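The values are calculated or read from the model by the stated rules, or taken from the named source; none is laboratory data. Because the structure is a prediction, the values reported are computed rather than measured. Every residue, glycine among them, receives a Cβ derived from its backbone with ideal geometry; neighbour counts consider all protein chains shown. What goes into the accessible areas is simple: the full protein's heavy atoms, side chains included, and nothing from ligands, DNA or RNA. Shrake-Rupley method; radii C 1.70, N 1.55, O 1.52, S 1.80 Å.
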Amino acid sequence: MSDPQPVYLSDYQPPAYRVIHTELTFDLDPAATHVKARLLFERNDQADDKAPLVLDGEQLTLISLAIDGTALTEADYQLDDHGLKIHTVPASFSLESEVKIAPSTNTALEGLYQSSGMYCTQCEAEGFRRITFYPDRPDVMATFTVTVIGDVQKEPILLANGNPVARGEMEGGRHFVKWEDPFPKPCYLFALVAGNLHKVEDHFTTMSGRDVTLQIWVEEENLDKTEHAMASLKRSMEWDEQTYGREYDLDLFMIVAVNDFNMGAMENKGLNIFNSAAVLTHPQTATDATFQNVEGIVAHEYFHNWSGNRVTCRDWFQLSLKEGFTVFRDQCFSADTNSAPVKRIQDVSFFRTAQFAEDAGPTAHPVRPDHFIEITNFYTLTIYEKGAEVVRMLCNLVGWENFRRGSDAYFERFDGQAVTIEDFVECMAQASGEDLSQFMRWYSQAGTPEIDAYGEYDYVHSEYRLTLRQRTPATPGQPEKLPMHIPIRMGLVGTKSGQDLTLTLAGEKLGKDAVIHLRDEEQTFVFTDVAEAPVPSLLRDFSAPVKLNFPYSREELAFLLTHDSDGFNRWDAGQRLAMLALDDLIAAHRNGVEKVMDSRVTEAFRTLLTGSTVDKAVLSEMLTLPSEAYIAEQQPIVDVDAIHAAREFVRQSLALVLRDEFMAIFEANRTDEPYAPTPEQIAQRSLKNTALSYLMSIEDEKAVALCEEQVAVDHNMTDVRHALTLLVHSDRDDLSAPALKAFGEKWAHDPLVMDQWFTIQVTRPQPDVLERVQFLMQHPAFSIKNPNKVRALIGAFAQNRVNFHRLDGKGYALLADVVIELNRLNPEIAARLVTPLTRWQRFDENRQSLMRAQLKRIKEEPLSSNVYEVVEKALA
Ligand code: B3K
Ligand code: ZN
């Protein structure tokens, strides 16, 4: 077997034939579904008239093939594992084919598969080729007519994209529904769902007065868990009209919840398919975080109707064109709907932990990669989140009004087309008159730019000189980097007044908060008329996805923490201050020296806890220490134990000194109000539970009692889960064991709650976790074939830093075992799961060799192209 080969962006060729119309008939059967296709093809003008017809097709059993009604013989075509080549075809013709597929044995969850007895599809990126022979590429867009035939009893509901146009009974207890989608689409947006589903229905009137029927389809027991998703959908539809002028286009919009799904959800035209974890909520079963996540994902998939579906990608290298833009859109929606600063803090804090790590590791790639082996491996934080940061920078660079005009132009000019990132950026350049040529490097250069900054105040001339030097580290395949165009939003905060000072640059008054543009490797910005010595507040609101180093003193950080007018940077100053203290403690731990708490951190926390200025949700974020994963990101060599010990020491020191203040915060934020996922309540719960976490870090007797009380409430999973987690993660097994048992029994029937039950247990710091994982893998609620279970148990364990990185290497071996098994069952999930092992360079030599040994063991296996690509890069 030869190694899988990459495809290159530079090899892109337009298709020789396009599909004008696609007609499909599915005769459903678990082991032998028959798919008939009638495809109307036309040769493109530019194509050679001798060009063969090349169709993708994988794991299909070919039954028949005909062109314009004439059956083809084996001499007319060539068939292999990846598709079909028909040697000669006319300029326009109809291709009729019939194939057989087996949904019940499809464990990869790509193409047509069964989940809890229901049929469903996942075609992005290249799953449609597992359904029928087709030019499976996004630049082939066709209208679709789809007939679904199923069993009246087992599949009373038969869904596909678009509008239902016919239905009827058939012989043998079968029935059919015929669907038509009038909007030309690439086949990755095709969807089919069939099963015993129940719906909740609502309506939305669009801005032009059209009535749209909204349906959420679920298993019967989940009918009471759809309210929040429906409300989120309606808010999203309204937001996209008001913010982008985008109206929904069909008369029907459907969401379906399925239990087995590789990702969060999928934006199939008119028929979004969701992982049940990304759509179902109920106060009793879902936490605040889940409520907010559901809102964001519902919005994201809905927004794709324009950014992705009406205007799609020319090829998969352009994936961030739809994903980066759509993530930016959903982030703005959530910011508008909830607390904007908290949304930004949470997004950035995740981004700086996880995307920075990706950008610094062996799988680093640009926002627009130039080659890949397996596109499924490129649904990454770089494509999604860094892509969104790049669109956010564009928006800030050209200003919202120009951005909106650029986006209108983009949707109008390219409606019904498959386009490139250049097309998008060009619309923004035209709308604003800005030169975005240097900016385009954000799409082609991988790696996180680092900026070293320093400033000097000149008392004599009242000048502040700020020097910025940028550097982007080498990444695989990209040893040399060019300077980026980096927008830096900033202010100068006067140390006397505590106020933002007016910024005057080269004689021009820029206001008190302005954006400066770093374009060269090194630039000095001289601010004049600076009346008092300032502390610079740089990269406000995280105006660019970069690492910024400024030699702040702890006093300066404490000053910014209370005086910065930018909420995001106030939070960031607190994180930086905590990081300095943590660095000292990590060093102390490593050197076996007694740990001493930095009183400046304690005093900063005291000010936060007793002051009244900050809103509760922001306060809760400010009281939260950087995560172990984020701290690790900042270290040259990751010492998991020292990081854990240092962070615990800070938590406990704060809790000991500020015990009464934390208790007062807890008490002040308890409420008897019935649960609602409102921003006010979420903020209050978050603050209260943060306080409880601190108190539990010292196992304060009263806090333990409060946890026991909170774990028993019945109407509020946020509180229950938090309290249960604190008990399980404490040393009070006498209390946590019965609580876990009761919880597991109470929720045995609910897979989404059982996922939480798994995660709570395998994220605790105690050393028994590996054995627990092994034990729980045998639990009846666990299944290796269900991606949510794998994420909840194995994925969560791999994030448990002290336990996954055990010095005996057993954590790594366990992960490798699961990867090897999943490589056969579900390569997409296997390739994702292996990620923590690929970060071996970050650890000490001992762990490095243990991690590499497991990667090598995986590489010995006959590998899917997915796992092959990741492991190959990791060992390169
Ligand atoms: N577009 C889908 C991606 C699914 C691909 C999985 N292989 C999810 C989203 O971004 O909306
Ligand atoms: Zn998306």
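So the check is Cβ under 9 Å with 6+ separation or different chains; which pairs have a first residue in region 497-524 that's over 25 Å from Pro483 (Cβ atoms) and a second one that's in a strand (DSSP E or B) and open to solvent by 40 Å² or more (accessible area, probe 1.4 Å)? Between residues of region 497-524 that are over 25 Å from Pro483 (Cβ atoms) and residues that are in a strand (DSSP E or B) and open to solvent by 40 Å² or more (accessible area, probe 1.4 Å), the close pairs are Thr502/Lys509; Thr502/Leu510; Thr504/Leu510. Only one of the numbered conditions (1) assigned to a helix (DSSP H, G or I); (2) more than 26 Å from Ala142 (Cβ to Cβ); (3) more than 11 Å from ligand 2 (Cβ to nearest atom) is violated by Asp330, and that is (3). Evaluated against (1) surrounded by fewer than 19 Cβ atoms within 10 Å (Cβ to Cβ); (2) away from ligand 1 (no atom under 16 Å from the Cβ), Leu825 falls short on exactly one condition, (2). Scanning region 263-291 for residues that are out of contact with any Ser or Thr (no Cβ under 7 Å at 6 or more places or on another chain), open to solvent by 10 Å² or more (accessible area, probe 1.4 Å) and either within 15 Å of ligand 2 (Cβ to nearest atom) or assigned to a helix (DSSP H, G or I) (or both) yields a total of 5.
Residue under question is Pro626, and the condition is that it be surrounded by 19 or more Cβ atoms within 10 Å (Cβ to Cβ) and either within 26 Å of Asn800 (Cβ to Cβ) or at pLDDT 95 or above (or both); does it hold? When the stated conditions are applied, Pro626 passes them.
Restricting to region 240-262, name every residue that is part of a helix (DSSP H, G or I) and open to solvent by less than 20 Å² (accessible area, probe 1.4 Å).
Taking region 240-262 as the starting set, the residues that turn out to be part of a helix (DSSP H, G or I) are 240-244.
Matches in region 240-262: Asp240, Tyr244.
For region 17-68, which residues satisfy the criterion of being farther than 15 Å from Glu96 by Cβ, surrounded by 15 or more Cβ atoms within 10 Å (Cβ to Cβ), basic (Lys, Arg) and without any contact (Cβ under 8 Å) to a residue 60 or more places away in the chain? The answer is Arg43, and nothing else. Does Gly406 satisfy the criteria of being in a helix (DSSP H, G or I) and open to solvent by less than 40 Å² (accessible area, probe 1.4 Å)? Yes, satisfied.
Looking for whichever is within 16 Å of ligand 1 (Cβ to nearest atom) and within 14 Å of the chain's Cα centre (by Cα) here; the options are Gln292, Gln331. Which one fits? Walk me through how you get there before you give the answer.
Values: Gln292 fails: within 16 Å of ligand 1 (Cβ to nearest atom).
None of the other options fit; the residue is Gln331.
Taking the criterion of being without any contact (Cβ under 8 Å) to a residue 24 or more places away in the chain and exposed (fewer than 12 other Cβ atoms within 10 Å of the Cβ), the residues of region 584-610 that qualify are Asn591, Gly592, Val593, Glu594.
Okay, residues lined up against (1) of a type in the set (Val, Ile, Thr); (2) within 16 Å of ligand 1 (Cβ to nearest atom); (3) in contact with a helix residue (DSSP H, G or I) (Cβ under 8 Å, 6 or more places away or on another chain); (4) more than 27 Å from Gly264 (Cβ to Cβ):
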residue: Phe133; (1), (2), (3), (4): no, no, no, yes
residue: Pro138; (1), (2), (3), (4): no, yes, yes, no
residue: Val146; (1), (2), (3), (4): yes, no, no, no
residue: Leu159; (1), (2), (3), (4): no, no, no, no
residue: Ala166; (1), (2), (3), (4): no, no, no, yes
residue: Asp181; (1), (2), (3), (4): no, no, no, no
residue: Lys185; (1), (2), (3), (4): no, yes, no, no
residue: Ala191; (1), (2), (3), (4): no, yes, no, no
residue: His198; (1), (2), (3), (4): no, no, yes, no
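Scanning region 1-25 for residues that are among the hydrophobic types (A, V, I, L, M, F, W, C) and farther than 21 Å from Pro52 by Cβ turns up Met1, Leu9, Leu24. Might you check whether a residue that is surrounded by 19 or more Cβ atoms within 10 Å (Cβ to Cβ), among the charged types (D, E, K, R) and closer than 22 Å to Tyr675 by Cβ occurs anywhere in region 708-727? Scanning region 708-727, I find at least one residue that is surrounded by 19 or more Cβ atoms within 10 Å (Cβ to Cβ), among the charged types (D, E, K, R) and closer than 22 Å to Tyr675 by Cβ, so the answer is yes. Residue-level analysis places Leu252 among those that are more than 13 Å from ligand 2 (Cβ to nearest atom), aliphatic (A, V, I, L, M) and over 14 Å from the mean Cα position of the chain (by Cα).
Is it the case that Val790 is in a helix (DSSP H, G or I), surrounded by 15 or more Cβ atoms within 10 Å (Cβ to Cβ) and within 16 Å of ligand 1 (Cβ to nearest atom)?
yes
Condition check for Thr312 on (1) of a type in the set (S, T, N, Q); (2) more than 11 Å from ligand 2 (Cβ to nearest atom); (3) in a helix (DSSP H, G or I): one failure, at (3).
Being open to solvent by 10 Å² or more (accessible area, probe 1.4 Å), in a loop (DSSP other than H, G, I, E, B), within 30 Å of Ile631 (Cβ to Cβ) and away from ligand 1 (no atom under 15 Å from the Cβ) is true for just one of Thr363, Thr353. Which residue is that? Before the answer, list the steps.
Values: Thr353 fails: in a loop (DSSP other than H, G, I, E, B).
Testing whether each residue is open to solvent by 10 Å² or more (accessible area, probe 1.4 Å), in a loop (DSSP other than H, G, I, E, B), within 30 Å of Ile631 (Cβ to Cβ) and away from ligand 1 (no atom under 15 Å from the Cβ) leaves just Thr363.
Is it the case, given these coordinates, that Phe325 is in a helix (DSSP H, G or I), within 16 Å of ligand 1 (Cβ to nearest atom), hydrophobic (A, V, I, L, M, F, W, C) and at pLDDT 95 or above? Reasoning before the result, please.
Working: in a helix (DSSP H, G or I): yes; within 16 Å of ligand 1 (Cβ to nearest atom): yes; hydrophobic (A, V, I, L, M, F, W, C): yes; at pLDDT 95 or above: yes.
Against the criterion (in a helix (DSSP H, G or I), within 16 Å of ligand 1 (Cβ to nearest atom), hydrophobic (A, V, I, L, M, F, W, C) and at pLDDT 95 or above), Phe325 qualifies.
When only residues in region 571-599 that are charged (D, E, K, R) and in contact with a helix residue (DSSP H, G or I) (Cβ under 6 Å, 6 or more places away or on another chain) count, which is farthest from Ala558 (Cα to Cα)? Give the steps one after another, and end with the answer.
Taking region 571-599 and keeping what is charged (D, E, K, R), we get 572, 576, 583-584, 590, 594-595, 598.
Subsequent filtering for residues that are in contact with a helix residue (DSSP H, G or I) (Cβ under 6 Å, 6 or more places away or on another chain) retains 576, 590, 595, 598.
Details: Arg576: 10, Arg590: 27, Lys595: 21, Asp598: 12 Å.
Filtering first and then ranking leaves Arg590.
Taking Leu727, is it over 30 Å from Met230 (Cα atoms), part of a helix (DSSP H, G or I) and touching a Ser or Thr at 6+ places or on another chain (Cβ under 7 Å)?
Working: over 30 Å from Met230 (Cα atoms): yes; part of a helix (DSSP H, G or I): yes; touching a Ser or Thr at 6+ places or on another chain (Cβ under 7 Å): yes.
Judged against the criteria, Leu727 is a match.
Filtering region 297-320 down to residues that are farther than 23 Å from Asn163 by Cα and open to solvent by 10 Å² or more (accessible area, probe 1.4 Å), which residue is nearest to ligand 1 (Cβ to nearest atom)? Among residues in region 297-320 that are farther than 23 Å from Asn163 by Cα and open to solvent by 10 Å² or more (accessible area, probe 1.4 Å), the one nearest to ligand 1 (Cβ to nearest atom) is Ile297.
Of Leu837, Leu807, which residue is touching a residue at least 12 places away in the same chain (Cβ under 8 Å) and open to solvent by less than 20 Å² (accessible area, probe 1.4 Å)? Steps first, please.
On the way: Leu807 fails: open to solvent by less than 20 Å² (accessible area, probe 1.4 Å).
Sole residue among the options that is touching a residue at least 12 places away in the same chain (Cβ under 8 Å) and open to solvent by less than 20 Å² (accessible area, probe 1.4 Å): Leu837.
Summed over region 452-492, the residues that are touching a Ser or Thr at 6+ places or on another chain (Cβ under 9 Å), among the acidic types (Asp, Glu) and not in a strand (DSSP E or B) give a count of 0. Between a residue in region 340-360 that is within 22 Å of Asp288 (Cβ to Cβ) and any residue that is among the β-branched types (Val, Ile, Thr), which pairs come within a Cβ distance under 8 Å, given they are 6 or more apart or on different chains? Close Cβ pairs satisfying both conditions: Pro341/Val618; Val342/Val618; Ile345/Val618. Taken together, the residues in region 409-444 that are open to solvent by less than 50 Å² (accessible area, probe 1.4 Å), over 13 Å from Leu321 (Cβ atoms), outside any helix (DSSP H, G or I) and of a type in the set (Gly, Ala, Ser) amount to 1. Taken over region 323-339, the residue count meeting the criterion of being farther than 29 Å from Thr312 by Cβ and surrounded by fewer than 18 Cβ atoms within 10 Å (Cβ to Cβ) is 0.
For region 370-393, the count of residues that are open to solvent by 30 Å² or more (accessible area, probe 1.4 Å), in contact with a Ser or Thr (Cβ under 7 Å, 6 or more places away or on another chain) and in a helix (DSSP H, G or I) is zero. Of Ala581, Ala558, all but one fail to be aliphatic (A, V, I, L, M) and open to solvent by 10 Å² or more (accessible area, probe 1.4 Å); the exception is Ala558.
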